[in-house]
Amino acid sequence: MVKENLADVERRIQEACARSGRKRSEVTLIAVSKTKPVSMIEEAAAEGIVDFGENKPQELRDKYEVLPKNLRWHMIGNLQRNKVKYIIDKAVMIHSLGSVELAQTIEKEAEKHDLLMPVLIEVNVAKEPSKGGIFPEDAEHFIREVSVLPHLKIKGLMTIAPIVGKPEDNRMVFRALKNLSVDIDRKNIDNVDMSELSMGMTGDFETAVEEGATFVRVGTGIFGERDYGNKA
Ligand SMILES: *Cc1c(COP(=O)(O)O)cnc(C)c1O
């Protein structure tokens with residue numbers, strides 16, 4: 001099932017690239033494996049997937065330990081400060097930086113390990129109260145503040161778009177994130193790179209690709225529905 005799903009997602013990414021005049025190599029598919037077993041990750045890896053996304057630090061750490069070291073782990077969810085230590089030397093990128101306090105903790109942990117941590121700034125484009133992230137109008141100020149931390153490297157922006165009936169309903173959210181990244185890029189802030197845009201999930205990744213996504217985060221579309229039911 002994973003194999004067939006991946007082939008379908010891959011075809012749809014290619015078609016979205018073709019429609020929008022983009023190269024397939026500009027878009028990285030992150031297979032969001034949260035709650036899913038190691039065996040399914042191995043199935044995806046056998047199809048050539050190397051980028052995986054997790055939203056629980058301990059789960060990312062545990063999967064990292066048992067799977068081949070060529071896999072690349074993306075921390076995509078809400079990250080509590082006391083859990084940064086679990087993933088600091090395992091994640092290739094943190095997609096969900098939305099507070100100065102979290103940035104300071106990442107800085108401290110990255111310094112301990114003598115590494116430079118790539119981060120994306122999470123932007124709450126649609127201003128949903130239930131979601132984290134910086135409001136668009138506060139993003140420049142926030143980025144200037146975080147950009148002085150020497151063990152963080154800002155690589156771009158990320159958003160979790162609203163749950164909508166049809167993907168088209170999120171087009172303006174994706175476009176707004178792209179425009180914000182272009183605006184910030186023009187400020188030429190030291191230590192800030194705006195090359196990455198992490199946006200689009202199972203329901204709307206094609207629209208996100210059309211609007212400039214460089215990372216799409218697809219879970220259900222690859223691994224099937226998640227079952228949270230039997231969790232304690
Ligand atoms: C779970 C999750 C995804 C994947 O969601 P699907 O709808 O299953 O594709 C993407 N991004 C984040 C931040 C997530 O937590």
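One table, with the values for the structure above:
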item	result
Positions within the range 191-212 being of a type outside the set (Asp, Glu) and under 14 Å from GLU122 (Cα atoms), in sequence order	MET194, LEU197, SER198, MET199, GLY200
Enumerated helices (runs of 4 or more DSSP H) restricted to the range 151-232, each holding at least 2 residues that are among the basic types (Lys, Arg)	171-186
Restricting the range 65-101 to residues that are farther than 20 Å from VAL146 by Cβ and within 16 Å of the ligand (Cβ to nearest atom), the residue that is nearest to the chain's Cα centre (by Cα)	TRP73
Cβ pairs under 6 Å, 6+ apart, first in the range 200-212 and touching a residue at least 24 places away in the same chain (Cβ under 8 Å), second more than 13 Å from the ligand (Cβ to nearest atom) and in a loop (DSSP other than H, G, I, E, B)	VAL209/VAL27; GLU210/SER20
Test: residue in the range 102-121 that is of a type in the set (S, T, N, Q), farther than 16 Å from LYS155 by Cβ and assigned to a helix (DSSP H, G or I)	yes
Which listed residue, of GLY133, GLY165, GLY219, is within 16 Å of the ligand (Cβ to nearest atom), modelled with pLDDT of 95 or more, out of contact with any helix residue (DSSP H, G or I) (no Cβ under 8 Å at 6 or more places or on another chain) and on the phi < 0 side of the Ramachandran plot	GLY219
Elements of type strands (runs of 3 or more DSSP E) in the range 2-81, at least 1 residues being within 22 Å of LEU102 (Cα to Cα)	51-54, 72-75
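The values are calculated or read from the model by the stated rules, or taken from the named source; none is laboratory data. Since we're looking at a predicted model, the values are computed, not measured. Here the Cβ is made from the backbone with ideal geometry for all residues, glycine too, and neighbour counts use every protein chain on show.
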